[in-house]
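Working notes for the structure below.
The values are calculated or read from the model by the stated rules, or taken from the named source; none is laboratory data. Just so it is clear, the structure is predicted and the values come from calculations on it, not from any experiment. Here the Cβ positions follow ideal geometry from the backbone for every residue, glycine too, while neighbour counts run over all protein chains shown.
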Amino acid sequence: MTTIQKTPPTGKGTIQKKKNNQGRVYYQVIKFPMGYDNDGHVIYERSQCFRTKQEAEDARLELMYKRKYEPAVSAKTNDTKASSKSVSAYTELMDYVEAYVIPNYRDNETKINTRRQFEIYYFDELSKVTVQECTAIVIQKILNAMNERRCPKATYQILKRFFFWLKRQGRISRNPMEFVTCPKHVPKKKQNRSPLTAEEERKLKKFLHSDDFMAIRYGALILVLLSSGIRPGEAAGLERCNIDWEKRAIKVEKTIGHSREIQKVRNFTKTPQGQRWVPISSEACEALKKYLNARPDSQWVFTSQRDPQKHIELECMYAAINAVGRRAGIKRSLFGYLFRHTFITNAVHHNIPAAELRFITGHKNTSMINEVYANHQNDNIISTYRDFFDGI
């Protein structure tokens, strides 16, 4: 006879300090138990991310209050019809998820992440009804809740593939995703993606030629990014054999990409047109020579500060670029792709044809250049004419 757990769990979970791809610190409440099944096993755990440790502590206290004074999401007893229905709905849902994940995903990391997505984010709504009773309203609630935290496109695609698989297998008679629309995500704080102004570019270059440690360590990297327009991952994947000193050009062959928290060297670029020769300025070429002469011999051009035989990590690059911007007196935050935006905008401003420019930037076609960077060109024209009229 199985022992029925009638009291809520007492575990408090753990709060871990982590960093995202941009080097920003956040705190995550991990494995907070919310309820048990009839055999006493934890069947529902919650994990959430917060910007500060105080927010994580407050959220954990709120979860403890809900767990104690409100009915747990998972069933504690079989006394009520709702609790038994919740257990059966959870069991049915996870059985379907397991049957869906195993044949459709090869990578073990993807399988684990998909299971966790259903357990953490989708279980609150999907456990209230069976899979056959699930409607478009239930799924729309999940997407709206996700939209408050981050962009719900990934959630929409996961649920769309899952319910399409259920319909194809004959588990449901009607696919509710046919009547669901993905809500448009509007971030609370938009990142300023406008290119560097002439004044900001002047301040940055003046600082990079100073004797500051950050300027000596990362000056060559920033000048290469600013004068070539290559992506940050492509700069991290540059090797010494990719530099042609006579032609003053670099060859982009590979990139550094993310796989969860592990950075991998990929022997290919973001697009098929990404493998290319890119010219750099004489200023960047001289800075690159000084940088390489001062560094120990290594396969990589830009190396890690801890291990000179390894390439620079993207998180370190992003944090260093932002720190250099603050030291240079630039008020807004700098990021790796900002130099690419600045390079392409300046090239469009100097009337370089988009058909030729895309071979340097590695774009598939000219649509991105014409649609995005042409607007920034108008801003530069306005600022140029404003300076002209102010001087009269």
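Could you please find all residues in the range 227-260 being free of Cβ contacts under 8 Å to residues at least 40 places away in the same chain and in contact with a helix residue (DSSP H, G or I) (Cβ under 7 Å, 6 or more places away or on another chain)?
Residues of the range 227-260 free of Cβ contacts under 8 Å to residues at least 40 places away in the same chain: 241, 244, 246-251, 253-255, 257.
Answer for the range 227-260, where residues must be free of Cβ contacts under 8 Å to residues at least 40 places away in the same chain and in contact with a helix residue (DSSP H, G or I) (Cβ under 7 Å, 6 or more places away or on another chain): Arg248, Ile250, Lys251, Glu253, Thr255, Gly257.
Checking the conditions here, which among Lys153, Lys167, Lys141 is touching a Lys or Arg at 6+ places or on another chain (Cβ under 8 Å) and not small (Gly, Ala, Ser)?
The unique qualifying residue is Lys167.
Within the range 309-323, work out how many residues are part of a helix (DSSP H, G or I) and closer than 19 Å to Thr255 by Cβ.
So the count comes out to 7.
Kindly state which helices (runs of 4 or more DSSP H) lie completely within the range 114-181 and contain at least 3 residues that are under 20 Å from the mean Cα position of the chain (by Cα) and either within 28 Å of Val29 (Cβ to Cβ) or free of Cβ contacts under 8 Å to residues at least 24 places away in the same chain (or both). Working first, answer last.
Values: elements: 123-126, 136-149, 153-168.
The qualifying helices (runs of 4 or more DSSP H) are 136-149, 153-168.
Checking the conditions here, which among Ile381, Ile369 is more than 22 Å from Arg248 (Cα to Cα), in a helix (DSSP H, G or I) and modelled with pLDDT under 70?
Ile381
Would you confirm whether any residue within the range 236-246 is assigned to a strand (DSSP E or B), of a type in the set (A, V, I, L, M, F, W, C) and at pLDDT below 90?
No, the range 236-246 has no match at all.
With the requirement that a residue be buried (at least 17 other Cβ atoms within 10 Å of the Cβ) and touching a residue at least 24 places away in the same chain (Cβ under 8 Å), what does the range 293-306 give you?
Ser298, Trp300, Val301, Phe302
Take Phe359 and decide whether it is buried (at least 18 other Cβ atoms within 10 Å of the Cβ), aromatic (Phe, Trp, Tyr) and either under 21 Å from Gly237 (Cβ atoms) or within 24 Å of the chain's Cα centre (by Cα) (or both).
Criteria not met by Phe359.
Yes or no, residue by residue, for (1) surrounded by fewer than 18 Cβ atoms within 10 Å (Cβ to Cβ); (2) assigned by TED's automatic domain parsing to the domain that holds Val131; (3) at pLDDT 85 or above:
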{"position": "Ser173", "(1), (2), (3)": "yes, yes, yes"}
{"position": "Lys189", "(1), (2), (3)": "yes, no, no"}
{"position": "Ser210", "(1), (2), (3)": "yes, no, yes"}
{"position": "Ile222", "(1), (2), (3)": "no, no, yes"}
{"position": "Glu234", "(1), (2), (3)": "no, no, yes"}
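Please specify each residue of the range 324-337 satisfying the condition of being at pLDDT 90 or above and in a helix (DSSP H, G or I).
The answer is Val324, Gly325, Arg326, Arg327.
Among the numbered criteria (1) modelled with pLDDT of 75 or more; (2) buried (at least 19 other Cβ atoms within 10 Å of the Cβ), which one does Thr130 miss?
(2)
Scan the range 274-292 and give yes if some residue there is surrounded by fewer than 15 Cβ atoms within 10 Å (Cβ to Cβ), assigned by TED's automatic domain parsing to the domain that holds Thr361 and modelled with pLDDT under 90, otherwise no.
No, the range 274-292 contains no residue that is surrounded by fewer than 15 Cβ atoms within 10 Å (Cβ to Cβ), assigned by TED's automatic domain parsing to the domain that holds Thr361 and modelled with pLDDT under 90.
Which of the numbered conditions does Arg306 fail, given that it passes all the others? Conditions: (1) part of a helix (DSSP H, G or I); (2) over 18 Å from Ile280 (Cβ atoms).
So Arg306 meets the others, but not (1).
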